[in-house]
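**Q** Dropping a structure here in structure tokens format, bear with me for questions.
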Amino acid sequence: DSGVTQTPKHLITATGQRVTLRCSPRSGDLSVYWYQQSLDQGLQFLIQYYNGEERAKGNILERFSAQQFPDLHSELNLSSLELGDSALYFCASSVGTGLGQAPYEQYFGPGTRLTVT
Amino acid sequence: GNSVTQMEGPVTLSEEAFLTINCTYTATGYPSLFWYVQYPGEGLQLLLKATKADDKGSNKGFEATYRKETTSFHLEKGSVQVSDSAVYFCALSGGSARQLTFGSGTQLTVLP
């Protein structure tokens with residue numbers, strides 16, 4: 001058990017809908033990362049938050065957004081869903097990193113499997 | 001940008017065989033390198049890491065050495081077990097947020 005929790009475990013929804021994925025980092029970790037794992041694209045970095053602030057964006061679509069709350073949990077919002085958004089969405093947390101910090105180990109949650117029908 | 005190229009799978013070995021999974025990378029600066037393992041239906045677990053050139057990461061009999069001159073971080077294990085069957089991902093940490101860039105993953109199946 002990594003200490004990172006993600007809910008829900010599975011989500012099935014229809015095209016055009018909006019969903020919210022939730023992540024609680026390990027106790028004491030300030031950083032939350034979101035990754036998408038799909039068969040055609042592999043594992044891709046989406047976005048990172050550090051202590052409530054967005055720090056970096058990767059291959060995140062404009063239809064997707066995220067935020068990190070004062071209690072450090074994070075939510076990933078996916079809207080206008082398309083079939084191609086079906087994937088495993090992972091959250092990871094680490095002690096760092098703010099800008100300029102050395103890399104810290106990232107601990108991954110079990111993932112949320114999203115199926116868009 | 002950063003990229004990781006990983007040995008194509010799947011790889012099937014008999015128990016107690018020697019394992020090598022090749023990984024090479026392209027990155028600016030001096031990234032940290034990682035191997036993660038994903039068991040069926042689970043999230044990724046950190047297997048080992050190396051943070052600078054010539055560092056050797058090791059864990060559970062697995063080893064990998066950070067080779068800057070060949071930009072490689074090959075994973076090795078001397079004697080695999082059935083329980084090692086999983087998908088293995090090579091990754092590097094880079095960018096301002098130290099986000100991970102992953103290879104495509106290698107599916108390993110170990111037969112008894």
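The values are calculated or read from the model by the stated rules, or taken from the named source; none is laboratory data. The structure presented is a predicted model; accordingly, all values stated were derived computationally and were not measured. As a convention, Cβ positions derive from the backbone with ideal geometry for all residues, glycine included, and neighbour counts pool all protein chains shown.
**Q** Considering only segment B:80-96, how many residues are more than 8 Å from chain A (Cβ to nearest Cβ) and farther than 18 Å from B:Ala53 by Cα?
**A** Number of matching residues: 9.
**Q** Which condition number in (1) loosely packed, with under 15 Cβ neighbours inside 10 Å; (2) more than 14 Å from chain B (Cβ to nearest Cβ); (3) within 29 Å of B:Thr5 (Cα to Cα) is the one that A:Glu54 fails?
**A** Here A:Glu54 meets the rest and fails (2).
**Q** When the residues of segment B:92-112 are filtered to those that are under 21 Å from A:Lys57 (Cβ atoms), aliphatic (A, V, I, L, M) and in a strand (DSSP E or B), which remaining residue is modelled with the highest pLDDT? Walk me through it before giving the result.
**A** In the first step, residues of segment B:92-112 are kept if they are under 21 Å from A:Lys57 (Cβ atoms); the result is B:92-102.
Restricting the remaining residues to those that are aliphatic (A, V, I, L, M) gives B:92, B:97, B:100.
Subset that is in a strand (DSSP E or B): B:92, B:100.
On the way: B:Leu92: 93, B:Leu100: 90.
Among residues in segment B:92-112 that are under 21 Å from A:Lys57 (Cβ atoms), aliphatic (A, V, I, L, M) and in a strand (DSSP E or B), the one modelled with the highest pLDDT is B:Leu92.
**Q** Further question: Taking segment B:57-72 only, how many residues are more than 14 Å from every other protein chain (Cβ to nearest Cβ) and in a loop (DSSP other than H, G, I, E, B)? Walk me through it before giving the result.
**A** Within segment B:57-72, the subset more than 14 Å from every other protein chain (Cβ to nearest Cβ) is B:58, B:60-65, B:67-72.
Then drop every residue that is not in a loop (DSSP other than H, G, I, E, B), which leaves B:60-61, B:68-71.
Qualifying residue count for the region: 6.
**Q** Would you mind listing the strands (runs of 3 or more DSSP E) fully within segment A:2-117 where at least 2 residues are touching a strand residue (DSSP E or B) at 6+ places or on another chain (Cβ under 7 Å) and basic (Lys, Arg)?
**A** Values: elements: A:5-7, A:10-13, A:19-24, A:31-38, A:42-50, A:53-57, A:64-68, A:74-78, A:87-94, A:112-116.
Ranges flagged: A:53-57.
**Q** Another one. Any chance you could count how many residues in segment A:88-117 are within 14 Å of chain B (Cβ to nearest Cβ), out of contact with any Gly (no Cβ under 9 Å at 6 or more places or on another chain), at pLDDT 95 or above and surrounded by 17 or more Cβ atoms within 10 Å (Cβ to Cβ)?
**A** So in segment A:88-117, the residues within 14 Å of chain B (Cβ to nearest Cβ) come out as A:88-113.
Narrowing the set further to residues that are out of contact with any Gly (no Cβ under 9 Å at 6 or more places or on another chain) leaves A:94, A:96-101, A:105-106, A:112-113.
This time we only want the ones that are at pLDDT 95 or above, so: A:112-113.
Applying the additional criterion that residues be surrounded by 17 or more Cβ atoms within 10 Å (Cβ to Cβ) yields A:112.
The qualifying residues number 1.
**Q** Are any residues in segment B:10-27 of a type in the set (Gly, Ala, Ser) and in a loop (DSSP other than H, G, I, E, B), and if so, which ones? Explain how you work it out, then say what you get.
**A** Of the residues in segment B:10-27, the ones of a type in the set (Gly, Ala, Ser) are B:14, B:17, B:27.
Those that are of a type in the set (Gly, Ala, Ser) and in a loop (DSSP other than H, G, I, E, B): B:Ala17, B:Ala27.
Let's see how each residue does on (1) under 21 Å from A:Ser93 (Cα atoms); (2) outside any loop (DSSP other than H, G, I, E, B); (3) more than 14 Å from chain A (Cβ to nearest Cβ):
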{"position": "B:Thr5", "(1), (2), (3)": "no, yes, no"}
{"position": "B:Glu8", "(1), (2), (3)": "no, no, no"}
{"position": "B:Gly29", "(1), (2), (3)": "no, no, no"}
{"position": "B:Leu33", "(1), (2), (3)": "yes, yes, no"}
{"position": "B:Val37", "(1), (2), (3)": "yes, yes, no"}
{"position": "B:Gly41", "(1), (2), (3)": "yes, no, no"}
{"position": "B:Ala53", "(1), (2), (3)": "no, no, yes"}
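**Q** A further question follows. Pairs please, first residue from segment A:39-66 and farther than 22 Å from B:Gly94 by Cβ, second anywhere and in a loop (DSSP other than H, G, I, E, B), Cβ atoms under 7 Å, 6+ apart in sequence or on different chains.
**A** Taking only residues 6 or more apart or on different chains, the pairs are A:Gly52/A:Pro70; A:Arg63/A:Ser79; A:Arg63/A:Ser80.
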